[in-house]
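Structure first, commentary second.
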Amino acid sequence: MGAKQPDATVGVVGASARAAVHSLLRAGYTAWAVDLFGDRDLAMVAPCAVCPLGEYPAALPGLSKQYPPGPVMYTGGLENHPQVVAELAASRELWGTGPTVLERVRDPYQLFPALAGAGFRVPMLVRRGQPCPATGRWLRKPLRSGGGLGIRFASPGEPPSADHVFQEFVDGVPMSVVYGGTTLLGVSEQLLGEPWLHAKPFVYCGSIGPVEPPTELVNRPASTVLDFGVRGLWNLDCVLSQGCVVPVEINPRYSASVEVVEHATGRAAFMVWQDQGRRAVPAVGKAIYYAPRDLSFPASGPWDADLAMPFNPWRLPTFADVTAAGAVVPAGQPVITIFASGSSAAECRGRLQSRARELDLLFAEHAT
């Protein structure tokens, strides 16, 4: 959390900035952003610049210099680039976890023993430099990745890699737990590798919540993670397996599930210390639709209604992260985000699936 008053202007940098900017606006801040997309619904509410893919993320600090002095925060992906975070922090107040902490908290060989010491069950890890065991189910995970990118099942006896870790596969329900410091803000179920969203296996493609926090999370304080030096908003990715919470990763920054928690609880994550008196809703779902094939984003579509409405950060849109008209989106890349609310998580999922099917039909006419 930042220490500034809600009239501060906060910069957001990372792969995708729209969700974090909307969260800041819900808390009364203004914002600017630099990301890879410059989506239309971002540009409507905040000054923004697009970082060319070939220059990401090294160009982010330089592009940020065009904006007035003030605090800055980062979103997904930059936790893997502490040198970029350090460059940002050299000239601005940094909201969130500092660069010296990132290497440790993102290293499972350091993080998992600490979590085990706090009483959590954690996945087994193969020792550095050792091949994948011949028995059991193991994941090959990049040491520097985000959103599930690059994760796959390992082959028995697969040789080691200096850039990857062999981690025990834990079967169960994937969940995301959002914290503000030591305060548990909310829990949501994660959508990973969903075929109806054309996402690759293990890739993050949405969240549905709120989920009742397992007792294990309520009874175990977040101080273990804060002892690493994690600050501000952060989230714990875990698997609910046979009634047991198994942490699999710490994301030491604003995460994609924050806005689901905000819309579901009626509380702005950047104002956790205040009672905002907004009505909670039973369930909110967010789904990221990935391109099933190369496509040219149409000039008009069902998202037009959202773009035409006066902006209200507390209105749950039907569509967000709206790509520029005519932009070519390669197969497997994110196209647009879908939202839905309902009386239950199952109803939310059904509505998201229905809207995804509608997009399938629409985008089939715009394949390149």
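Nothing in this text is a laboratory measurement; each read-out follows from the coordinates by a stated rule. Because the structure is a prediction, the values reported are computed rather than measured. Here the Cβ positions follow ideal geometry from the backbone for every residue, glycine too, while neighbour counts run over all protein chains shown.
As a proxy for reagent exposure, ranking Cys205, Cys51, Cys244 by other Cβ atoms within 10 Å from fewest up yields Cys244, Cys51, Cys205.
Calculated translational diffusion coefficient of the range 179-312 (20 °C, 1.002 mPa s; Stokes-Einstein with Kirkwood radius over alpha-carbon pairs) equals 127 µm²/s.
Summing Lys and Arg as +1 and Asp and Glu as -1 over all other residues whose Cβ lies under 13 Å from the Cβ of Tyr254 gives a net charge of 0.
Counting only Cβ charges, +1 for Lys and Arg and -1 for Asp and Glu, the dipole size of the chain around its Cα centre is about 380 debye. Between Ala118 and Val50, the simple spin-label model (points 7 angstrom out along Cα→Cβ) gives 4.0 nm.
The residue list Gly332, Ser223, Pro317 was ranked by how far each Cα lies along the charge dipole of the chain toward its positive end, using unit charges on Cβ atoms, and Ser223 comes out on top. Compared with the direct C-alpha span, the chain from Asp304 to Arg128 gains 58.3 nm at full extension, assuming 0.36 nm per residue. Placing dummy labels 7 Å off each Cα toward the beta-carbon, the span from Arg144 to Ser91 is 2.2 nm. Here is the list for the range 298-368: GluC sites (Glu not before Pro) lying in DSSP coil, each with at most 13 other C-beta atoms within 10 angstrom of its C-beta, are Glu365. Modelled spin-label separation between Asp107 and Ser341, with each label point placed 7 Å from Cα along the Cα-to-Cβ direction: 4.5 nm. Taking Lys and Arg as +1 and Asp and Glu as -1, the other residues whose beta-carbon sits under 14 Å from that of Arg106 total -2.
Between Phe169 and Trp314, residue separation times 0.36 nm minus the direct Cα-Cα distance comes to 48.4 nm.
A full extension of the chain between Gln66 and Leu226 corresponds to an added length of 54.3 nm, given 0.36 nm per residue minus the alpha carbon distance.
Only helices enter the 222 nm calculation for the chain: every DSSP H run of n ≥ 4 contributes -39,500 (n - 2.57), and dividing by all residues gives -6500 deg cm²/dmol, rounded to 500.
For the peptides 251-258, 338-345, the ranking by packing is 251-258, 338-345, with the highest mean count of neighbouring Cβ atoms within 10 Å listed first. Of the DSSP H helices in the chain, those that are both long (alpha-carbon extent of 24 Å or more along the helix axis) and hydrophobic (Kyte-Doolittle mean at least -1.0) are 345-364.
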